[in-house]
Structures are given as C-alpha cells and as structure tokens.
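Accompanying notes for the structure given below.
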Amino acid sequence: MSNGELVIRARDVRKVFRVGDVDVHALRGVDLDVARGEFISVIGPSGSGKSTFFHILGGLTPPTSGSISIHGKDLRAMSEADRTELRKKEVGFVFQKYNLLPTLTAADNIAIARHIAGVKDGGDRKFQEVLDLLGISHRLSHKPRALSGGEQQRVAIARAIVNRPSILLADEPTGNLDTENSAVVLELLRDLNRRLSQTILMITHNPEAAAYAARIVRMRDGRVAD
Amino acid sequence: MLNKLVVENLKHRPVRTFLSVLAIGVEVTMMLTLVGLSEGMLEDSARRARGVGADIIIRAPGTSLISLSSASMPEKLMEFFAAQPHVTLAGGTVVYPIGGVSTITGIDLDEFNRMSGGFRYLAGGPFREPHDIIVDEFYAAQNKLMVGSTVNLMNRDWRVCGVVEPGKLARIVIPRTTLQDLAGATGKLSQIFLKLDSPANTAQVLAALKEKLPDYQMYSIEELTSLYSVSNVPGLSAFIGVIIGLSIVVGFLVVFLSMYTAVLERTREVGVLKALGASPAYVLNIICRETVLLALAGSAVGVALTYGSRWAVMTLAPASLTQKIVPEWWPIAAFIAVFGALAGALYPAWKAAQQDAIEALSYE
C-alpha cells in the first residue's frame, strides 16, 4: 500500500546507553526509509536493537547520533516537549502486554488518547467504522479485566490509531496471544494498512506473523542486516 | 476525562482510598474538635457569667479576668461597693480550683438569689447544712449524682442537696463561708458582682469606681463576655497553632505514603500515558487532582466526625468540656487539609512526572 511518499528516513542512527561504567551500543548505524502506507515487519534476535529503534521512532528517547526524521521533522533536534507532541499526533504504540489502563473501560482507554492529544470528545463516523472493523464496538463498556487478550489488544490498536497517527508502532503485538487471536490481530493490522493506508512497523519474533507485512526488515547487532 | 480517570483510580484501590480519607478526616476532626472545644468552653463560661444577672464584675489587682483566681479581696469591700451610687446589690463569690479546668464556687445563696433570680431546681433544693452542695444537670449526669448522693471534693464528702439547670455562675456551688474556711481564705473573695439600678448606668458607675480603685480589675459583664475569646486566653492560640501544625504533618505523611505507593504501583500506567503523549504536567495534574479529591473527601468526613466527637464529649463529659460545632472553621480546616495533602503529594507527583517512559513501560 506504499504510495512513495517518505514517512520515515533514518541514516546512521546510533544509540549508546550508559549502564554503570559501561557504554552499551544498542544501535550502531541504522539506515531505513519507510514510505507512507507501508506495512513492515522488523525481525531480529533479542538485543539486535529493534525495541531501541522503535523507542527512538516513537519519540520516547533521542538518538545519540545520526539523523532520523518523520515527515521531515528531525527527531534528533527535538526537545522533550517536541517529542511529547510527536507521540500525541504522529505515533501510535501497540504493546505486547496491551498496556490498557486497568481502571478505565475500553471506551475510556480510547477516549483518554484523544483527550491527551487535545481532541474534543465525540467520535467521528469514520472512527466508528474502525471500531466495527476491530470488532470491539459491543465490548467498549467493559474494563480490561473483563476482556480477553485478543479483545484487549484490539482495544489497544483502536487507542493507538484514534488520533490518526502517521505511523503505528507495534511491538510484538501477538506475543501474548494464542494462534487464533494472533491471526485475528494480524489480519486487523493488515486491514488497517490496506483500507486506511496506515503505515505500520511491527516487531515480531514469529516468522508467520512477519509474513503478514509487505516488507520484512532484519536487524542484527544494532544495524539493518539487509 | 481526567476527572473520570482520577475517580476510577481512587475506586480501584478502595481500602487505600478509605484509609487515606479517614486519616485526613481525623486530621480535620482534630482541628475542628480543638477549636470547637476552645470556643464552646469559653462561650459556656460567658453564658454562665451572664447568668449571674450582674452588670459589673470586680476582681483583685493583678489577677487574670478569665483564668482561675485566688480569693484575695476583703469581704468588706462589698459594703463599699454596695454604698456606691446606682449600685443596688453587691455579691461576692469564692472560686477554688479542683483539678483541670473545673472549679468549685462558694456563694451566699440568698445574695445570689436576689441578684440572679435564683437557680431553677430540677431536683432537691437550697443548702440546708454547711456541707451541702448544689450541682448543675451536666455535672450530675457526668458523675451520676442525684439528690442525697455523696460526692468527694477537696478531700471531704458533700451531700448533694440540689440539682439545677445549667447556665448560672458555676457547675458546683457550696456555701461561701464553708469554702472560705476550707480554702484558708476566711473573709476573702475571688470576685464581686454588682447589680445596678439600670444597665444604662454601667459605664458611668465603672468610670467612677475605676477612679476610686484604679488597681482593681473592673469590667461590665458585656465586656467580660466579649473577652472570653481564644485570643484572650494565654497560650490557647499557640496551642491551637501547634495542633494545626501537627495536623498538617499527619496529612502530609498520610498522603505522601498513599501517593508514593500509588505512583509506584502505577509506574507502568504512567509509562503508558507518556507513550500516548502525556506531558509531565498532565501526569502531575492527575496526581494533584487525586490528592485534592482525597483531601476534600477527608474534610467532609472530618466535619461529620466532629459531630461524633461533640456527641462523645457532651455525653461522657458534659460538665468538664463543652464542644461547639464551628462551621466558620470548615473551609479553613479543608484548606489546611488540602494544603497538607498537596505538600505530601508533591514528591510522588514529581517522581511520576519525571518517570522515564521506557523504564516505566518495562516495569513489572
């Protein structure tokens, strides 16, 4: 579903963490271009730098060096406040453990993302269609503890895309799900990508899950391997 | 939306919320009960002073007007005062402390009856013997006394001859001469009351008396009752200040612990909020709203508990203590509770706001 417009451009992105007295090189020069509407699986062994790359893309931490931009906005030059704005509007996260707020209903978990982004309450018709597509319209009044893992992950996906982000970052979205629910979630991600041209980057260890994406990026030792 | 999250967070941990609200409630009750007791007891004293029916009160030089005083004025002074223009009656009493803030008062019953119109007896009647005692309804209830009961005061037994309505002079009265003898103050008085031909002459009589006896403490009863205030009792304001300070510390510690554990428990949730784009101010806002809500709920509980403490005081010790409900202090106590709670929430809120999103999201 790529239309050629570049959403992400990463060049020689490096990230060094200081752990005690030791420098840990999590990223050693990542180069990657992602066009609008692409669905990419990022695979690689543990410690290959996948999550760190996601955290930088999601504005949760700045890169140590290199250049990385989303829609031409340079993430390295961003202040903490700029990165907060980026998370509000440009990036949506889906986590392995769903990470819904346990005290709120599914509807409120979605609504709080809108509130944080400063969007007035009241869902639009198109988003209602997305909720229907995700198959959770009838479960919105339930709290996470009353939802199955698959339902929770679908609510988490709805929360991640409610503000129409430029990119959706899914970190092992099927890691906690059984085969059946995994397939449902992966189909949904592919549907979102195809119907809404949603740009998706998905970390996974599972080759079957990775195959749902149109393109697979392999990471090893802090770099894109091919 | 934010308020919904705050309320749901509080509902999510009902025991912690209940204990926090209760602790803040106790803090508020401590303040309101102390102020209520101070004002209630002073008001009760003022009411009993008015109940004497006099227009002017006189005490010896150098004595405090509203604290306990020894009998140091010669009885003969009554004759002097009785002879002054516009004075229709002079009556003297002896006041003797019997522990705490309680006193026993010696009166000449005939003299007192002429001045005040007399006690209203609920049971029994006037003194018949030197060691008869009259108590008011509150003292009788607190000490389970009735007419004919024996009560031990000043190391000797007294027979209760009458139980009277409260609100006149004192809760415990005995014959003046008996108290003078027991206290070693024969012929001495603690205070003298003057009744005038008209209350309108009070200022004029006071001015004339002050000219003649400049060292004596002389006040109209109106002045006296207006002096029964917290600020005029030595050390009471400071004592209330100390209790309020302690209350703030209690509120601070309770909220600090409560919010600190809440923030620790919600580390991952804070990470989620930050991943969704919540700024540090947004997270701070949540914690502060939660704190204010706890403090306001605690204040409401504290006000309700104050009615309970008043019931306990008025049931268990109506003669020793009088507690008033002080609505004008409700907003002050609530403000102090909110202030203490916010101070306690400051560090946990700051910690939450500064939390690293990546670390928070990996928190188990």
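The values are calculated or read from the model by the stated rules, or taken from the named source; none is laboratory data. Just so it is clear, the structure is predicted and the values come from calculations on it, not from any experiment. All Cβ positions, glycine included, derive from the backbone under ideal geometry; neighbour counts span all protein chains shown.
Residues are listed down the side, and each one gets a yes or a no for (1) over 15 Å from the mean Cα position of the chain (by Cα); (2) at pLDDT below 85:
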{"residue": "A:Glu129", "(1), (2)": "yes, yes"}
{"residue": "A:Gly135", "(1), (2)": "yes, yes"}
{"residue": "A:Arg139", "(1), (2)": "yes, no"}
{"residue": "A:Ser148", "(1), (2)": "yes, no"}
{"residue": "A:Val155", "(1), (2)": "no, no"}
{"residue": "A:Ala170", "(1), (2)": "no, no"}
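Check whether at least one residue in the stretch B:265-272 is of a type in the set (A, V, I, L, M) and not in a helix (DSSP H, G or I), and report yes or no.
If we filter the stretch B:265-272 for residues that are of a type in the set (A, V, I, L, M), which is where we start, we get B:270, B:272.
Pick out the ones that are also not in a helix (DSSP H, G or I) and you get none.
Checking the stretch B:265-272: not a single residue is of a type in the set (A, V, I, L, M) and not in a helix (DSSP H, G or I).
Please identify the pairs in which a residue from the stretch A:44-57 that is under 11 Å from A:His205 (Cα atoms) has its Cβ atom under 8 Å from the Cβ atom of a residue that is small (Gly, Ala, Ser), counting only partners at least 6 apart or on another chain.
Close Cβ pairs satisfying both conditions: A:Gly44/A:Ala225; A:Lys50/A:Gly44.
For the stretch B:132-167, name all the residues that are buried (at least 22 other Cβ atoms within 10 Å of the Cβ) and among the hydroxyl-bearing types (Ser, Thr, Tyr).
If the condition is that a residue be buried (at least 22 other Cβ atoms within 10 Å of the Cβ) and among the hydroxyl-bearing types (Ser, Thr, Tyr), then B:Tyr139 is the only one that fits.
Pick from B:Leu89, B:Leu19, B:Leu5: which is within 25 Å of B:Ile287 (Cβ to Cβ), touching a helix residue (DSSP H, G or I) at 6+ places or on another chain (Cβ under 7 Å), hydrophobic (A, V, I, L, M, F, W, C) and not in a loop (DSSP other than H, G, I, E, B)?
Among B:Leu89, B:Leu19, B:Leu5, only B:Leu5 is within 25 Å of B:Ile287 (Cβ to Cβ), touching a helix residue (DSSP H, G or I) at 6+ places or on another chain (Cβ under 7 Å), hydrophobic (A, V, I, L, M, F, W, C) and not in a loop (DSSP other than H, G, I, E, B).
Can we say B:Leu2 is modelled with pLDDT under 85 and either within 18 Å of B:Val230 (Cα to Cα) or buried (at least 17 other Cβ atoms within 10 Å of the Cβ) (or both)?
Details: modelled with pLDDT under 85: yes; either within 18 Å of B:Val230 (Cα to Cα) or buried (at least 17 other Cβ atoms within 10 Å of the Cβ) (or both): no.
When the stated conditions are applied, B:Leu2 does not pass them.
Across the stretch A:187-215, what is the number of residues that are among the aliphatic types (A, V, I, L, M) and either over 22 Å from A:Val162 (Cα atoms) or free of Cβ contacts under 8 Å to residues at least 12 places away in the same chain (or both)?
Within the stretch A:187-215, the first condition is being among the aliphatic types (A, V, I, L, M), and the residues that meet it are A:188-189, A:192, A:196, A:200-203, A:209-211, A:213-214.
Among the residues that remain, those that are also either over 22 Å from A:Val162 (Cα atoms) or free of Cβ contacts under 8 Å to residues at least 12 places away in the same chain (or both) are: A:209-211, A:214.
The total comes to 4.
Condition first: at the interface with chain B (Cβ under 10 Å from one of its Cβ atoms), touching a residue at least 40 places away in the same chain (Cβ under 8 Å) and touching a strand residue (DSSP E or B) at 6+ places or on another chain (Cβ under 9 Å). Can you find one or more residues in the stretch A:64-82 that meet it?
Our first condition is that a residue be at the interface with chain B (Cβ under 10 Å from one of its Cβ atoms); within the stretch A:64-82, this holds for A:80-81.
From what is left, the residues that are touching a residue at least 40 places away in the same chain (Cβ under 8 Å) are none.
No, the stretch A:64-82 has no match at all.
Determine, yes or no, whether A:Pro102 is within 13 Å of chain B (Cβ to nearest Cβ), modelled with pLDDT of 85 or more, surrounded by fewer than 22 Cβ atoms within 10 Å (Cβ to Cβ) and touching a Lys or Arg at 6+ places or on another chain (Cβ under 7 Å).
Details: within 13 Å of chain B (Cβ to nearest Cβ): yes; modelled with pLDDT of 85 or more: yes; surrounded by fewer than 22 Cβ atoms within 10 Å (Cβ to Cβ): yes; touching a Lys or Arg at 6+ places or on another chain (Cβ under 7 Å): yes.
Spelling it out, A:Pro102 is indeed within 13 Å of chain B (Cβ to nearest Cβ), modelled with pLDDT of 85 or more, surrounded by fewer than 22 Cβ atoms within 10 Å (Cβ to Cβ) and touching a Lys or Arg at 6+ places or on another chain (Cβ under 7 Å).
Looking at B:Glu222, is it part of a helix (DSSP H, G or I), crowded, with 19+ Cβ neighbours inside 10 Å and among the charged types (D, E, K, R)? Steps first, please.
Values: part of a helix (DSSP H, G or I): yes; crowded, with 19+ Cβ neighbours inside 10 Å: no; among the charged types (D, E, K, R): yes.
The answer is no for B:Glu222.
Among (1) surrounded by fewer than 21 Cβ atoms within 10 Å (Cβ to Cβ); (2) away from chain B (no Cβ under 11 Å); (3) within 25 Å of A:Gly59 (Cα to Cα), there is one condition A:Asp132 misses while meeting the rest; what is its number?
Tallying (1) surrounded by fewer than 21 Cβ atoms within 10 Å (Cβ to Cβ); (2) away from chain B (no Cβ under 11 Å); (3) within 25 Å of A:Gly59 (Cα to Cα), A:Asp132 fails exactly one: (3).
Tell me, please, whether a residue that is modelled with pLDDT under 85, closer than 30 Å to B:Pro97 by Cβ, crowded, with 21+ Cβ neighbours inside 10 Å and of a type in the set (S, T, N, Q) can be found in the stretch B:297-313.
no
Report whether or not B:Lys188 is surrounded by fewer than 19 Cβ atoms within 10 Å (Cβ to Cβ), among the basic types (Lys, Arg) and in contact (Cβ under 8 Å) with a residue 12 or more places away in the chain. Can you show your working first?
Working: surrounded by fewer than 19 Cβ atoms within 10 Å (Cβ to Cβ): yes; among the basic types (Lys, Arg): yes; in contact (Cβ under 8 Å) with a residue 12 or more places away in the chain: yes.
Criteria met by B:Lys188.
Among the candidates B:Ala262, B:Ala281, which residue alone is closer than 30 Å to A:Gly92 by Cα, within 14 Å of chain A (Cβ to nearest Cβ), at pLDDT below 90 and in a helix (DSSP H, G or I)?
Numbers: B:Ala281 fails: at pLDDT below 90.
Answer to the check: B:Ala262.
Does B:His12 satisfy being more than 33 Å from the chain's Cα centre (by Cα) and in contact (Cβ under 8 Å) with a residue 12 or more places away in the chain?
Criteria not met by B:His12.
Looking at (1) more than 29 Å from B:Val21 (Cβ to Cβ); (2) without any contact (Cβ under 8 Å) to a residue 40 or more places away in the chain; (3) away from chain A (no Cβ under 14 Å), which one does B:Lys168 not meet, given that it meets all the others?
Of everything listed in (1) more than 29 Å from B:Val21 (Cβ to Cβ); (2) without any contact (Cβ under 8 Å) to a residue 40 or more places away in the chain; (3) away from chain A (no Cβ under 14 Å), B:Lys168 misses just condition (2).
Taking into account only those residues within the stretch B:316-359 that are at pLDDT below 85 and of a type in the set (Ser, Thr, Tyr), which is farthest from B:Leu42 (Cα to Cα)?
B:Ser320
Please tell me if A:Ala146 is farther than 30 Å from A:Val34 by Cα and hydrophobic (A, V, I, L, M, F, W, C). Please lay out each step first, then the result.
Numbers: farther than 30 Å from A:Val34 by Cα: yes; hydrophobic (A, V, I, L, M, F, W, C): yes.
Judged against the criteria, A:Ala146 is a match.
Tell me which residues, restricted to the stretch A:33-63, are away from every other protein chain (no Cβ under 12 Å), on the phi > 0 side of the Ramachandran plot and within 15 Å of the chain's Cα centre (by Cα).
Answer for the stretch A:33-63, where residues must be away from every other protein chain (no Cβ under 12 Å), on the phi > 0 side of the Ramachandran plot and within 15 Å of the chain's Cα centre (by Cα): just A:Gly37.
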